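Asker: Let me give you the structure first, and then I'll get to my questions.
Computed from the coordinates by the stated procedures, all read-outs in this text should not be read as laboratory data. Being a predicted model, the structure only gives us computed values, none of them experimental. Don't worry about glycine lacking a Cβ; one is built from the backbone with ideal geometry, like all the others, and counts go over all protein chains shown.
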């Protein structure tokens, strides 16, 4: 009897550990996505699915990114493959049924057996038109989401690439205005454990390594000048918004007697 209780406690402890690991993976994916690292987000969410194949959060996140077809399409078998030419030139069966939004279509299968999802030409045009409308209305985050929605399914699509570049340029200017005055000094608020949980990319990691409670924002941006400006300022904006870094006025210079 005692042995059964011990085994039961061990199983419960193992289940709790698994749940904790799953939550960590799912949350880590959200952090990756917030920092623009979609590939890393997809990687950890796929790992979560390997641990728990029916995990609703992982399935929902991957469906939202278009990595896997929606649930009803998978269950109904409405996943007929199309050639890339058909995606652009011919109408295709939507795997989203009658729901609103662009028609996602399974356009083939990768070497690993994963379904590849694409967009019809009219949906590309429609998404980019709405992206420009969002951009003109000042909804820059939404505009970038629409551009990247196209690029996820049609990598290097030139119109989407150009639109995304314009949106990022505006976001850089917006973030820089929020950071002013650039004479402020960034201070690190998070501890090492919290920073490690972020799984930072090289740009984010190097940026935080330069925050030493002495360097000003202006100097920090100069040091980071060789990196992609959008990635730098968006990472800094993320750190500020989530309390990882805070800004304080530069200390007054000491007078010499």
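Asker: Averaging sequence separations of C-alpha pairs under 8 Å and six or more residues apart, then dividing by the length of segment 122-178, give the relative contact order as a whole percent. Spell out each step's value before the answer.
Answerer: Working: 44 pairs, mean separation 17.8, N = 57.
It comes to 31 percent, rounded to a whole number.
Asker: Roughly what would the spin-label model give for residue 241 and residue 206, points 7 Å off Cα along C-beta, in nm?
Answerer: Taking the simple label geometry, residue 241 and residue 206 are separated by 2.3 nm.
Asker: Just need the relative contact order of segment 18-65 here, percent rounded to a whole number, with Cα pairs under 8 Å and 6+ apart.
Answerer: 33 percent.
Asker: Hey, can you rank 156-162, 144-150 by average C-beta count inside 10 Å, highest first?
Answerer: In descending order of packing, they fall as 144-150, 156-162.
Asker: In nm, to one decimal, how far is the residue 156 label point from the residue 21 one, both placed 7 Å along Cα→Cβ?
Answerer: With each label point 7 Å from Cα toward Cβ, the separation is 3.8 nm.
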